[in-house]
Amino acid sequence: MISVKFEDEIWIYFQTNLSTRTRKEYWNVVRDFDRLTGHDPLRLTRKEALNYYNNLIEKVNANKLSYNTAVMRLSVMKSVCTFIETYTVNHGKRYVNYFESMSLPEQDKILPKDAIPDAREIDNLLGAALNANDNKAFLIFSLVIKMGLTNQEICSLNKEFICRDSEGHLCFNMPPKNHISRFLVIPDDLGILLDTYIDAENIQSGAIFLNIRKNRIKMRDTERLLASYTEKLVKSRKLRKHYTMQTLRHAAISYMLMGGASKDEVAAYTGVTGKWMNRYDRIIASDVINVAANYNVININISGIDNNRHE
């Protein structure tokens, strides 16, 4: 039930500052949250925020809600709870807006079989980087193909993220996303490759990957790096089409599923919302969450890597 306190102290701001149409949209969203949780967002737990978030995805998947409407509703909850947080903190109390870092994944699509590179194409891509003695490209492509890291995660990797588990395996301790941390075991082939690269590049701290200006690499830099290889390989008919960093990530997820990892394991490892994993059903034709990459059927051959520093 929407409380008098919410109406008198919070809603009055939106009632005063929003147009009639927008005000009605905001009120309906708040009312939907109230129906789901039994109270207004003046009280908010992480569990309630996740329930609301998952409820939006379920409605989209069931065709009961359009994707754009779901995005709008989540945006409204972020806005309302941001105001509540500011108001509450200004009055000397604590409030956490658990919606702040949440975002809906891209609209669900079932990927056709030819949407991702096959094993031969992956071998051609990595082989091209290897033949060019481009250790940085080889490692970046391998991390995406083997572990399913996003382009943003690749660019944000710091040496400080690397640690070892109790068995001595290298791991990435990834920063929290949507208030959820991910502790990712790095497959042994990539662990050797990563350790070799860091040693050869003499990386003491901070960003693992730098651009030609010696600044932290950006997403456009990695896309250009990949495009510099795919363009040549398409012309030589060693790739069927131009692939993006996102395409390589789709490939990684698909190959983990092909190798026997469950959807829940892969979703937790790669940070994909579990309810959106069905996009990979057509590709695969048919509780060790943080080692899902070990199921990946792609093996990285590191025997030809040059251990000298790459300029």
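GluC sites (Glu not before Pro) within segment 40-130: which are DSSP loop residues with at most 10 other Cβ atoms inside 10 Å?
Glu106
Pairs Lys64/Lys93; Lys5/Lys64; Lys146/Lys232; Lys24/Lys93: which exceed 26 Å Cα-Cα?
Listed pairs above 26 Å: Lys64/Lys93; Lys5/Lys64; Lys24/Lys93.
Got a number for carbon plus sulfur as a percent of segment 44-196's accessible area, 1.4 Å probe?
49
Loop-only GluC sites (Glu not before Pro) in segment 144-175, please: DSSP not H, G, I, E or B, and at most 13 other Cβ atoms within 10 Å.
Glu167
At 0.36 nm per residue, minus the direct Cα-Cα distance, what do Tyr67 and Lys232 gain on full extension? Give it in nm, one decimal, please.
55.7 nm
Within segment 26-53, which residues have the backbone N less than 18 Å from the label spot 7 Å out from Ser3 along Cα→beta-carbon, could you tell me?
30-49
Can you work out the FRET efficiency for the pair Leu210 and Phe83, with r the C-beta to C-beta distance and R0 = 41 Å, to the nearest 0.05?
Here the calculated transfer efficiency is 0.55.
Could you compute the FRET efficiency for Asn158 and Thr244, with r as their C-beta to C-beta distance and R0 at 25 Å, rounded to 0.05?
0.55
Under a straight-distance cross-link criterion of Cα-Cα below 18 Å, which aspartates and glutamates are reachable from Lys238, leaving out those fewer than 8 residues away in the same chain?
Those aspartates and glutamates meeting the cut-off are Asp114, Asp118, Glu121, Asp123.
Counting Lys and Arg as +1 and Asp and Glu as -1, what is the net charge of the other residues whose Cβ lies under 14 Å from the Cβ of Met1?
0
Hey, which of these cross-link pairs are over 29 Å Cα-Cα: Lys218/Lys241; Lys241/Lys263; Lys47/Lys263; Lys78/Lys214?
Pairs exceeding the cut-off: Lys78/Lys214.
Run through segment 131-213 and list the trypsin sites (Lys or Arg not before Pro) located in a DSSP loop whose Cβ has at most 11 other Cβ atoms within 10 Å.
Arg213
The values are calculated or read from the model by the stated rules, or taken from the named source; none is laboratory data. Computed from a predicted model, the values in this text were never measured in an experiment. When we count neighbours, we look across all protein chains shown, and the Cβ atoms used for this are built from the backbone with ideal geometry, even at glycine. When the accessible area is computed, the model is the full protein with side chains, heavy atoms only, and any ligands, DNA or RNA have been set aside. Shrake-Rupley method; radii C 1.70, N 1.55, O 1.52, S 1.80 Å.
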